[in-house]
Amino acid sequence: MERLRPISELRTDDFTIARAPDPASTGAGPDTPITVLIGQDGLPAGLVMGGRAGPAYVVDAGTPVIDVTTSADLLHALVAGLPGLVLLDGDGVAGVVTAEAIRAEIAAADAALLVAGRQLGDAQPLGKRAKTDNVRIQCAVCGATNTFRRFSQAEEHTCQHGDHIFVPYWNG
């Protein structure tokens, strides 16, 4: 049986970690290095990459690649402009996987499945849905990190740490 490759094989170690006490100070510009923002609780609260600031979409570093590339929730987040995934292991942030790396993996997998489909008939997708209940975003109003299963800016949310409208740090 083929070994399931962990998502950590697609990671980059070229990132920085920064505390996020002031969400407005992220300075997201086109030349901004990949930065994982850490919230008051010591866990990821945002991701700044290539001029885009977004949520810290947290995935366990051991999650199989196939589970990520076939997850409807993760694909929805990529289409919505997610800059990448933050990988966690037992020691904290283990790396970042860029949206471009995930797109390349999907393209390669689609090409392989197309060939297999022609040879073997239509097959069910491999993998299972990746755990996606930990999209973490710092609130620009109070600085606390909110956790979502799926986040959309088109919806209005109440901050989980106070009686106010949740404002993502990149809109603060």
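The values are calculated or read from the model by the stated rules, or taken from the named source; none is laboratory data. Because the structure is predicted, anything quoted here is derived from the model rather than measured. Cβ atoms come from the backbone with ideal geometry, glycine included; neighbour counts cover every protein chain shown.
Any residue at all in the stretch 2-18 that's of a type in the set (Gly, Ala, Ser), surrounded by fewer than 20 Cβ atoms within 10 Å (Cβ to Cβ) and at pLDDT 85 or above? Yes - at least one qualifying residue is present in the stretch 2-18. Filtering the stretch 73-87 to residues that are buried (at least 20 other Cβ atoms within 10 Å of the Cβ) and either out of contact with any helix residue (DSSP H, G or I) (no Cβ under 7 Å at 6 or more places or on another chain) or not in a helix (DSSP H, G or I) (or both) leaves ALA77, LEU82, PRO83, GLY84, LEU85, VAL86, LEU87.
Residues are listed down the side, and each one gets a yes or a no for (1) in a loop (DSSP other than H, G, I, E, B); (2) more than 24 Å from MET49 (Cα to Cα); (3) modelled with pLDDT of 90 or more; (4) out of contact with any Phe, Trp or Tyr (no Cβ under 8 Å at 6 or more places or on another chain):
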position	(1), (2), (3), (4)
ALA112	no, yes, no, yes
GLY117	no, yes, no, yes
LEU126	yes, yes, no, yes
ILE137	no, no, yes, no
VAL141	yes, no, yes, no
ALA154	yes, no, no, yes
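For the stretch 41-50, the condition holds for no residue, the condition being that it is under 23 Å from ARG150 (Cβ atoms), more than 12 Å from the chain's Cα centre (by Cα), modelled with pLDDT under 85 and not in a loop (DSSP other than H, G, I, E, B).
Which residue is nearest to ILE34 (Cα to Cα), if the candidates are limited to the stretch 48-72 and must be surrounded by fewer than 16 Cβ atoms within 10 Å (Cβ to Cβ) and either aromatic (Phe, Trp, Tyr) or in contact (Cβ under 8 Å) with a residue 40 or more places away in the chain (or both)? So the residue we want is GLY62.
Candidates are the residues of the stretch 145-169 that are more than 14 Å from GLY39 (Cβ to Cβ) and hydrophobic (A, V, I, L, M, F, W, C); the one that is surrounded by the fewest Cβ atoms within 10 Å (Cβ to Cβ) is ALA154.
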